[in-house]
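Have a look at the structure below, then the notes.
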Amino acid sequence: MSNKNIYRPQSKFLYSSYLYIIPAFVFYILFVLFPLGDTLYTSFTEWNGISEKKWVGLDQYIKNLSDKKITSSIKHSFILIIFYSFLPIIIGLLIAGLMIRVKIRGMTTYRAILFLPQILSMIVVGISWRWIYAPKGPLNSGLDFFGLEDVSRAWLGSFDYSLMAVGLIGTWVMFGFTMILFIAGVQKIPIELYDAAKVDGAGAISEFFNVTLPNLRGEIIVALIFTVTLALRNFDLIYITTGGGPGTSTMIPSMFIYKKAFQMGQVGSASSLGIMLTLMIFTLVSLILITFRERK
Amino acid sequence: MNYKNKEKFIAHAIFLTGTIFVLYPFFSILFLALSEPGKRISGFTLPSGIYFDNFIKAWTGGSFNTGLLNSFIVVVFVVLITLICATLAAYAFEKLNIFGITPLFALLLIGLVLPYESIVISYYYSMRSLGLVNTHLSLILPQIGLSIPFSIFWLRASFKSIPKSLSEAAMIEGAGRWVILIKILLPQMIPALLTLTVLLFMWTWNEFLLALIMIQDEGMRTAPLALSYFAGNKRYGDPAITAAAAIWVALPVLIVYIFLQRRFISGMVTGAIKE
């Protein structure tokens, strides 16, 4: 080893260092980047999965965008964002705002339970909620018990309520995560900031908007990206609870990708929808990052 | 009640409400699964006794023994290979001097945001042309590729938190890159690797869409896939048996969660922030 390296041991560049990243990049290229490129290519073709691919340019995209069923499935995704993202984040923020100085016993247990929906398979979650929403399930029995027979119905089979019913499952899955994230964030805010606000005569509400909210910016970005992405993807839960129905009332893009590619033989169209979904997620994530980035 | 106690009381009330809201569906299907076969409970009454018949019927009727085994095989390979590849790459990114590190890292960012629902079609047709449909490999290979970006980001941050002086001292004594990684850095990385293992185990165990499109043989189904077929099968349309089946599938993750819940939570909360 030369003297130079003794003093700056980090600085030596060796081609053999690439050997360390090769295994990971082989998997990444073969099973992420190649399929992405392949999907992009297929999205410009008409293909039923068996015959030759026929190049059609942007046709599939134009057809998808003018298909009412597809555009309404995108609309459903945006409605689901309210339930998967906005509601849990608002609940989480309000509760975190109340927990600024509170230290209570049993926090670990509460946290473990509130986090539970995050770790379970969406298939298990969906089956539990199918039972809750079933015509003779707990929710309807409860409504009957309180004399609200008129309100009870087959929630997941209803054209008007199924999307909301699925959305509320998303709220249930997510609110524990946002609560834990924001409470952990609030406890890192220096208490002096709150004391200073108090001295300035700030009430609880102005304290929330001037101290709590700005200091949780990082956590809010994380929560938004995590929940919005899940709301847009969301395949497992829809598949097991409604399958997109009744009719197309809970149809979302990922469900259409599956149906078109594997049941309707429209692989080109399914691929272009896949690219559209990817672009939607990339755009929304960038928008979240741009909107909430640190202003200097 | 003084001010502090009142605050604590409100906090407990909020958390208890949240806890009940989270636990209600679980207890609801647990009671359903434990109910007397043939007797329908309404979900608003406690079961009259504890019966394990539904669990036995679900186990034998839904081939969950093979389902759990298949899931287990897939999880072991995905987790092990991902851990090895991601550790090597994260080490190189953080501690070795590599030309072109920024574009390579930007490339990984795509995988972090990409919804894999978009590319499953390509997986299916590639695997079909390789004759790999219906095999464990068709589930293992894509999931390694999909797990690598997050794992590298996660491990790189952990390598970063190890003081530079540690590896520099070893370098001065003439230790090579490999020796420094194995002997000096890895022992410091054990907590981070354990947390990552837990997360990868959970994600791989719960994976559904890939199994749905790749696997047609009943004997090759993973646990969540077996569960979805079971829940959709009219012959076993009894919700009590489906509930018992759901508990079988959730059980392995639940058991690990009970022992390592701090790792799950800190992993997902800080893991998300590090991104």
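The values are calculated or read from the model by the stated rules, or taken from the named source; none is laboratory data. Quick caveat: nothing in here was measured; it's all calculated off a predicted structure. Note that we place each Cβ from the backbone using ideal geometry, even for glycine, and neighbour counts take in every protein chain shown. Heads up: the accessible areas ignore ligands, DNA and RNA and are worked out on the full protein's heavy atoms, side chains in. Shrake-Rupley method; radii C 1.70, N 1.55, O 1.52, S 1.80 Å.
Report yes if B:Ala245 is farther than 21 Å from B:Ile81 by Cα, facing chain A (nearest Cβ under 10 Å) and surrounded by fewer than 24 Cβ atoms within 10 Å (Cβ to Cβ), otherwise no. Taking the combined requirement at face value, the residue does not satisfy it.
The condition of being at pLDDT below 85, under 25 Å from the mean Cα position of the chain (by Cα) and among the polar types (S, T, N, Q) does not hold for B:Ser71. The number of residues in the stretch B:104-144 that are in a loop (DSSP other than H, G, I, E, B) and surrounded by 19 or more Cβ atoms within 10 Å (Cβ to Cβ) comes to 4. Within the stretch B:4-29, residues that are within 7 Å of chain A (Cβ to nearest Cβ) sit with their Cβ atoms under 8 Å from residues that are open to solvent by less than 80 Å² (accessible area, probe 1.4 Å) and hydroxyl-bearing (Ser, Thr, Tyr), at 6+ positions apart or across chains, in these pairs: B:Phe15/A:Tyr110; B:Gly18/A:Tyr110; B:Thr19/A:Tyr110; B:Pro25/A:Ser128; B:Phe26/A:Ser128; B:Ser28/A:Ser128; B:Ile29/A:Ser128. All of (1) within 14 Å of another protein chain (Cβ to nearest Cβ); (2) under 30 Å from the mean Cα position of the chain (by Cα) hold for A:Lys75 with one exception: (1). The one condition from (1) touching a Pro at 6+ places or on another chain (Cβ under 8 Å); (2) within 20 Å of B:Ile73 (Cβ to Cβ); (3) of a type in the set (Val, Ile, Thr) that B:Thr204 does not meet is (1).
Can you tell me which residues in the stretch A:208-263 are at positive phi and open to solvent by 10 Å² or more (accessible area, probe 1.4 Å)? Selection gives A:Asn234, A:Gly243, A:Gly247. The single condition from (1) within 30 Å of B:Ser151 (Cβ to Cβ); (2) touching a residue at least 24 places away in the same chain (Cβ under 8 Å); (3) more than 8 Å from chain B (Cβ to nearest Cβ) that A:Gln60 fails is (1).
No other residue among B:Ser48, B:Ser28, B:Ser42 is on the phi < 0 side of the Ramachandran plot, small (Gly, Ala, Ser), open to solvent by 60 Å² or more (accessible area, probe 1.4 Å) and modelled with pLDDT under 90 apart from B:Ser48. Among the residues of the stretch A:253-296, those identified as polar (S, T, N, Q) and touching a helix residue (DSSP H, G or I) at 6+ places or on another chain (Cβ under 8 Å) are A:Ser254, A:Gln266, A:Ser269, A:Ser271, A:Ser272, A:Thr278.
Condition check ((1) out of contact with any Ser or Thr (no Cβ under 7 Å at 6 or more places or on another chain); (2) open to solvent by less than 20 Å² (accessible area, probe 1.4 Å); (3) over 18 Å from A:Pro246 (Cβ atoms)) across all residues:
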| residue | (1), (2), (3) |
| --- | --- |
| A:Ser121 | yes, yes, yes |
| A:Ile127 | no, yes, yes |
| A:Asp144 | no, no, yes |
| A:Gly147 | yes, no, yes |
| A:Leu156 | no, no, no |
| A:Met174 | no, yes, yes |
| A:Ile180 | yes, yes, yes |
| A:Gln187 | yes, no, yes |
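For the stretch A:27-50, a residue qualifies if it is within 13 Å of chain B (Cβ to nearest Cβ) and either over 28 Å from the mean Cα position of the chain (by Cα) or not in a helix (DSSP H, G or I) (or both), and the qualifying residues are A:Ser43, A:Thr45, A:Trp47, A:Asn48, A:Gly49, A:Ile50. Kindly check whether there is at least one residue in the stretch B:227-238 that is under 30 Å from B:Gly61 (Cα atoms), among the small types (Gly, Ala, Ser), more than 9 Å from chain A (Cβ to nearest Cβ) and open to solvent by 30 Å² or more (accessible area, probe 1.4 Å). Yes, because at least one residue in the stretch B:227-238 is under 30 Å from B:Gly61 (Cα atoms), among the small types (Gly, Ala, Ser), more than 9 Å from chain A (Cβ to nearest Cβ) and open to solvent by 30 Å² or more (accessible area, probe 1.4 Å). Residues in the stretch A:127-168 that are of a type outside the set (S, T, N, Q), assigned to a helix (DSSP H, G or I), within 29 Å of the chain's Cα centre (by Cα) and more than 9 Å from chain B (Cβ to nearest Cβ): A:Tyr133, A:Trp155, A:Leu156, A:Gly157, A:Leu163, A:Met164, A:Ala165, A:Val166, A:Gly167, A:Leu168. Being aliphatic (A, V, I, L, M) and free of Cβ contacts under 8 Å to residues at least 60 places away in the same chain is the filter; apply it to the stretch A:66-96 and report the residue that is surrounded by the most Cβ atoms within 10 Å (Cβ to Cβ). The residue in question is A:Leu94.
Looking only at the stretch B:147-178, filter to residues that are farther than 26 Å from B:Thr102 by Cα and in a helix (DSSP H, G or I); which one of those is nearest to the other protein chains (Cβ to nearest Cβ)? That would be B:Ile172. Of the residues examined, B:Gln216 is not one that is more than 12 Å from chain A (Cβ to nearest Cβ) and open to solvent by 10 Å² or more (accessible area, probe 1.4 Å).
The set of residues in the stretch A:41-55 that are of a type outside the set (S, T, N, Q) and either buried (at least 18 other Cβ atoms within 10 Å of the Cβ) or under 15 Å from A:Ala261 (Cβ atoms) (or both) comprises A:Tyr41, A:Phe44, A:Glu46, A:Trp47, A:Gly49, A:Ile50, A:Lys53.
Could you please give the count of residues in the stretch B:116-146 that are over 22 Å from B:Val75 (Cβ atoms) and touching a Lys or Arg at 6+ places or on another chain (Cβ under 6 Å)? Of the residues in that region, 0 qualify. Within the stretch B:147-184, the set of residues being touching a Lys or Arg at 6+ places or on another chain (Cβ under 7 Å) and either open to solvent by 70 Å² or more (accessible area, probe 1.4 Å) or modelled with pLDDT of 85 or more (or both) comprises B:Phe153, B:Trp154, B:Ala157, B:Phe159. For the stretch A:187-296, the helices (runs of 4 or more DSSP H) that sit wholly inside it and include 2 or more residues that are within 10 Å of chain B (Cβ to nearest Cβ) and closer than 30 Å to A:Trp155 by Cβ are A:217-233, A:235-241, A:253-262, A:267-292.
Here B:Thr195 passes the criteria (1) within 11 Å of chain A (Cβ to nearest Cβ); (2) surrounded by 14 or more Cβ atoms within 10 Å (Cβ to Cβ); (3) of a type in the set (S, T, N, Q) except the one numbered (1). I'd like to check something: does the stretch A:100-118 contain any residue that is more than 10 Å from chain B (Cβ to nearest Cβ) and more than 30 Å from B:Val253 (Cβ to Cβ)? Looking through the stretch A:100-118, none of the residues is more than 10 Å from chain B (Cβ to nearest Cβ) and more than 30 Å from B:Val253 (Cβ to Cβ).
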